[in-house]
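Here's the structure we're looking at; comments come further down.
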Amino acid sequence: MDPDTRSYLIAGGTALLSVVGYAAHRAVYEEFSAASVQYDHIGVAFGAFLALAFLITGIFAITEAALLASLVALADLPPWGRRLLETGSAAGGLAMAPAGLATAPAAASAIGDAPRITLLGAWWLLAGIGVLGFSLGILATVLGPLSRSHAGLLVGTLATILGATVFTTSAVWSPPIFFALGLYALVLAGLLAVTTARRPDAARWLALPLALLGVFAAVLGFLADSFWFGTLAALAAVVTLWAFWTLYAGSGSFGVVPTADNEPAS
């Protein structure tokens, strides 16, 4: 299948799932909001909050689908950028399925509480992976085609993110780390795009301060027994080092901007 056709199909499927999910969860949110006016109950308030979270997930998924289709139409996406964008968009769309099953009235009577909690966990995890994957895809698109060594470093970075999150945090805290790290990667992509457009060698002066800041914050977090914050800061430092190394590790010098001559694409 043609890569552009595949990307458009993924964007269309994500948009369809997100629109259907948004409409369904909008009705649930309005129902809980109306009930919260009549009843002062914690369960009703939690239901309204959960429905609002589903709505936000739907907005994220719609945005991911629109951006994926736009980038395919307007830009020549590098292979790794396309893969990550497609993965993030697909995960964001698929997150609407367990969310819908967990809140549907028919499902509530047909399944027990434990399966519904599992469905909520699947929604939370897929939504977090969607934001992280899509943001890293935008970052990889900004960096451009990756050499084989830098693609290997990207795989190692992704493995580090997943492994560190699984082993140092619980499943409940993993999706928020993915969300936060994805937003950081998105900001980093914008920072790189702006600085390299204005001055190609300017962004290299930001690498060390950002990485050191991440390491310093991670040390403080671990010393304060805040494993969530420490893990997030450490992983942000890993993403920063990978991005700047990919952009500036030219012919053996961190300060040399890679070109078509010294950085062949794979």
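The values are calculated or read from the model by the stated rules, or taken from the named source; none is laboratory data. Being a predicted model, the structure only gives us computed values, none of them experimental. Backbone-built Cβ (ideal geometry, glycine too); neighbour counts: all protein chains shown. Remember, those area values only see protein heavy atoms, side chains included, never the ligands or the DNA or RNA. Shrake-Rupley method; radii C 1.70, N 1.55, O 1.52, S 1.80 Å.
Would you confirm, using the coordinates I've provided, whether PHE167 is open to solvent by 70 Å² or more (accessible area, probe 1.4 Å) and in contact with a helix residue (DSSP H, G or I) (Cβ under 6 Å, 6 or more places away or on another chain)? No.
Within region 149-161, residues that are more than 12 Å from LEU139 (Cβ to Cβ) and small (Gly, Ala, Ser) have Cβ atoms under 9 Å from residues that are open to solvent by 30 Å² or more (accessible area, probe 1.4 Å) and outside any helix (DSSP H, G or I) in these pairs: ALA151/SER266, counting only partners at least 6 apart in sequence or on another chain. Number of residues in region 194-220 that are surrounded by 16 or more Cβ atoms within 10 Å (Cβ to Cβ), assigned to a helix (DSSP H, G or I) and modelled with pLDDT under 85: the value is 6. Being within 14 Å of THR231 (Cβ to Cβ), in contact (Cβ under 8 Å) with a residue 40 or more places away in the chain and not in a loop (DSSP other than H, G, I, E, B) is the requirement here; does ALA164 meet it? Answer is yes for this residue. Of the residues making up region 62-78, none is under 25 Å from TRP228 (Cα atoms), modelled with pLDDT of 90 or more and touching a Ser or Thr at 6+ places or on another chain (Cβ under 6 Å).
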